Structures are given as structure tokens and as C-alpha cells.
1. Looking at the range B:34-58, which of its residues are aliphatic (A, V, I, L, M) and either in contact with a Cys (Cβ under 9 Å, 6 or more places away or on another chain) or closer than 15 Å to A:Phe291 by Cβ (or both)?
2. Pick from the range A:160-187 the residues that are β-branched (Val, Ile, Thr) and under 15 Å from A:Ser71 (Cα atoms): which of them is surrounded by the most Cβ atoms within 10 Å (Cβ to Cβ)?
3. Since B:Gly146 meets every condition but one in (1) of a type outside the set (D, E, K, R); (2) within 14 Å of another protein chain (Cβ to nearest Cβ); (3) assigned to a loop (DSSP other than H, G, I, E, B), which condition does it not meet?
4. Could you tell me which numbered condition A:Glu82 fails, if it satisfies all but one of (1) more than 25 Å from B:Met57 (Cβ to Cβ); (2) not in a loop (DSSP other than H, G, I, E, B)?
5. Would it be correct to say that A:Phe240 is over 13 Å from A:Ala278 (Cα atoms) and of a type in the set (Phe, Trp, Tyr)?
6. If we scan the range A:120-131, do we find a residue that is in contact with a strand residue (DSSP E or B) (Cβ under 7 Å, 6 or more places away or on another chain) and either touching a residue at least 24 places away in the same chain (Cβ under 8 Å) or part of a loop (DSSP other than H, G, I, E, B) (or both)?
7. Can you find even one residue in the range A:47-70 that is closer than 20 Å to A:Phe291 by Cα and buried (at least 17 other Cβ atoms within 10 Å of the Cβ)?
Amino acid sequence: MNYGPLIFLAAFFALAGSWSGFVLTPQLQIGRLQQTNTIGNPTAAYPVARPGLAQQGLDVYRANGCAYCHSQQVGQTGTVLEIALTDAGTNHPPIIAALLKLAAAPADGPTVLTALPQLEAARTNGGSAMLLDGLPKAFLRSSSREGANAAIKALYAAGAKAQLWIVPVGPDLARGWGSRRTVAEDFLFDAPVMPGSQRVGPDLANMGTRQPNVNLHLLHLYAPQLQMKGSTMPPYRFLFERRKIGLEPSPEALVLPAEVAPPAGYEVVPKPPARALAAYLASLRADAPLFNAPLTVPASATPATSTNAATTAASAK
Amino acid sequence: MSAQPRPSTLTAAETAEPRAGDIALPLWIIVLLFLLLYWGVVYFDQYSGGFSPEVYMPCRSTAELAMYQPPAGAPEFAGGKTVYENVCGLCHGTDGMGKPGQAPPFVNSEWALGNPNRMIRIPLAGLTGPIQVAGQQYNLAMPAMGAALPDDDLAAVLTYIRQSWGNKASAITPEQVKAVRAEIGNRTQPWTAEQLNAIQ
């Protein structure tokens, strides 16, 4: 043991190196993160603080270990530039011709224009009659900004109004878990940040956009298998109170189907933590277009298709 | 068999306490380690967005991030209708019907719907003198309204004229405009109807 100082130095630098990599550098990079503005028109401050009840819900979320099974971070593997038509006027043949010409154009340097399925089908099968129905709609995908601008000009020249859509893509987004990746700004007002690492259940970063209805969140906490058959989520019934109906039923009592309903004369009422947690879940959304997570939100865009059965259950009820 | 211990075969060097000595590290390992270190730093630099806190995966640099910013404000390309309303519409009307006695209409105009080579020349240098449009006689002094427009904007506005208000003529491409511009050079003298009619 005649190398004590050397071993000490080696251990010191090994620990100091990882500390500066994992703690110091991120702190220097985003330690002073502040509220920013969304991009696009109009801009708005982002993020905004959660309403009071939802802020309390974060503590309930933490206390019940929701983060052990649910993540709150959405990944993204790429961004694509799509060329969409917003208005085709009345003179369709030249526009369709321009679209087909663009779809068939050979790759020009770094620019590769790819026809999206509908246009590709029209190009190979020749059935282009219904092509311009249901605008705004994306038709082409470009691999470069210049190529996209040139294609938009060509469509303008043909008499259509075209737009550039910036569309994030990735497996998480394909599952309907969000419209873009999550970035540090999304968690700015959360203390502590609960990003989670396991995905036993679905990602919750955009739970509020998939299910804005607080009552359905409460129902899901009380009996998860009701809305999601085969869910492994445990019921959180200790967040609810089963009590005898007094003079008249509470307006806050859950409306429960027969299989989980309490016996006659009883009602199930959410306790304050359950209401806070439901408010927190309904407040979760990370879909604002930001400079560091750009996307365009088309005016008439349909909300991301949800894999959560809660919405289908809500519409089926 | 006697109980005499067998003589030790260990040498004096083997019985001594082990001591750390100088390890002769082969030179190629040192070179390889430095090459690996260099590659690692290059890789880290390439995928760290230049250490900018703004740049997240999948973007790798601020330039790539800038490429995905949505276009701000006005579109980068005005489009035929906008150009028409800014440049042509004041005299020729937003409905393309023109002004009686001053500006001829575009609707059913044989000049607007006819030979593109003639039509492109008109905004590039202007038009002067008597001209017959859609059965009406005009005496024009049109300035070179389109000379300052870029090729693609001019092509778009001419296409807009040829395909709006019920007009159904072929589109005009920026290449056509460019070719005509090259043909007439830096002509500033307005055209007359006879000169245009001579052009095929």
C-alpha cells in the first residue's frame, strides 16, 4: 500500500469527472432555464404554472409512486418537412398535375421529395379524382428546406396555397403519446421533476390532451380495468371514501357501473388527494411548439390519435 | 521414505515480496488509446449539438435546428394572388375586369389567354398605343409593371391571371419568364400591339 496518494487521486478524478459530466455541465447548460415563448403565431408564454389543485396533485403523484410505472418523457427520432395544401381553389387539374410532377421528380442534389401514401397511390393507379378532398392535407415529404420551398412555389404557381408543415416523428409519437419530444422547459415548474423511467403504463407527458375530463381520471383511479381492459394498474381506492348517503347524494360522488358500484345506500366520493391527482393528470401537456422542439400545428389539425381507452370509453358511455 | 523435507525449488527471486515495477506498455496500445479518445471526442462533439442547451436530439446542430423552424410571418413566396393584388389589381381590378377606357380586362382576353411569349413580354417592358382586347378598343400607356418582379413571382402572377375568373389557359413557368427576359435583354421601350403580334 505504498501508492495511497495515487489511488486517492485516481478515485478523486474518476468521481469528479462523472460529477462534472452529470451534475455540473447540465447545471451550467440549463440550470438557469426560464419561461420562454412558444414559436409560431401568436406566441404565448411557456410553460405556465399549473393551477393550484394540479400543483398539489404533483405531490400525490409522487407519494403514490406513479412515476415507478409511468414515464413523462416522450422521445422523437426525427423531424420531417411536409408540404401540405391548404386551399386548392376551383381549378384542380393544374394543381393535381403539379403534385404528380413533383412526386415523380428525380432527386435533386440533397433534396428528395417523397409522395405521401395518398399521392403515391394516385400516381401509381391514376385515380386522382378525390386527391384534393379534405384539405388541408399533406401530400409530399421533403428532405431539405430548399426543396420544400421550391415545391411550395411550384404549387403556388399552379394556383394552390401550400404550407410547410414541420412534423416530429418517432415511435412514441406514433403511439399517440404526444406531438413532439419533451424538453427541459416542459418540467420547469415541477418540483421535483417526475420524469420516470419505466413504462409499465403509458407515458403521461400529454395525458391532459388525451383525456381532459377530470371525472374520467377519477373513475380510472378508482377502477382502472373499467376503461382499460387488462390494465395492470392497481386500483387506488384508498383515495376515495365509501360512505352512507346522507340526506341526499353528494354531487361529487362517482358515477359507477354496476360491477364496481357500492351497495345501495352508499356512494363513493373522491378525497381531496384524488381530486388533486386527477387535476394534475388533466393538466399534463407538453405539446407547445418551442424553438428547441419545433413543430407546426395546422389550424384544423385533429388531436393526436389516442391509444388510451379512456377516450373511447368516454364516447361509448 | 524419510521425513526429510524436499529441497525448495523456488529461486530467491520468487520467494521475495512482490513489488510493482515499471510495466512496459506496448507503444501500439498507447497509440490506439489516443486514437479511441480522439474518436470519442469527435463523436461526442457531433452528437452534443455543440453543447448548446437549445439543441436536443434528433437535431445535431443549431443549423439543423434552424432548418426546422416554421416560416415566420409572411410566406417566403408571395404567390400569384398576392402579387396580382399588389401590382396589377389597382388598374386591372381584383376581379380581372379592368377599367373601362384605361385598363383592358383579363377575363376572356385573347392577349392574356393566348401565346405566352407575347403575354410575358407585356409586364416586362410595358405596352403603348392602340390595342384591341375582347372586342374593345383601348389606347394604352402601361408601364413595365413586372420588370422588377423575380421570375417566379412573375410566373405565378401570370399563371394566376390565366387560370382565374374562369380563365383556363396553360400555366407559365419561371423558366419561360427567364427565357423571355433573356431574349428581350434590357429593353425599356414599351411594346406596341403590332410588335407583339409579330412574335410567335
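1. Across the range B:34-58, the qualifying residue is only B:Val55.
2. Of everything passing the filter in the range A:160-187, A:Thr182 is surrounded by the most Cβ atoms within 10 Å (Cβ to Cβ).
3. Answer for B:Gly146: the failing condition is (2).
4. (1)
5. Taking the combined requirement at face value, the residue does not satisfy it.
6. No; the residues of the range A:120-131 include none that is in contact with a strand residue (DSSP E or B) (Cβ under 7 Å, 6 or more places away or on another chain) and either touching a residue at least 24 places away in the same chain (Cβ under 8 Å) or part of a loop (DSSP other than H, G, I, E, B) (or both).
7. Yes, the range A:47-70 contains a residue that is closer than 20 Å to A:Phe291 by Cα and buried (at least 17 other Cβ atoms within 10 Å of the Cβ).
A quick yes/no check of all residues on (1) within 21 Å of B:Asn108 (Cα to Cα); (2) assigned by TED's automatic domain parsing to the domain that holds B:Ile120; (3) at pLDDT 85 or above:
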position	(1), (2), (3)
B:Leu149	no, yes, no
B:Leu154	yes, yes, no
B:Gln163	yes, yes, no
B:Lys168	yes, yes, no
B:Ala171	yes, yes, no
B:Pro174	no, yes, no
B:Lys178	no, yes, yes
B:Ala182	no, yes, yes
B:Gln189	no, yes, no
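The values are calculated or read from the model by the stated rules, or taken from the named source; none is laboratory data. All values derive from a computational prediction rather than experimental measurement. When we count neighbours, we look across all protein chains shown, and the Cβ atoms used for this are built from the backbone with ideal geometry, even at glycine.
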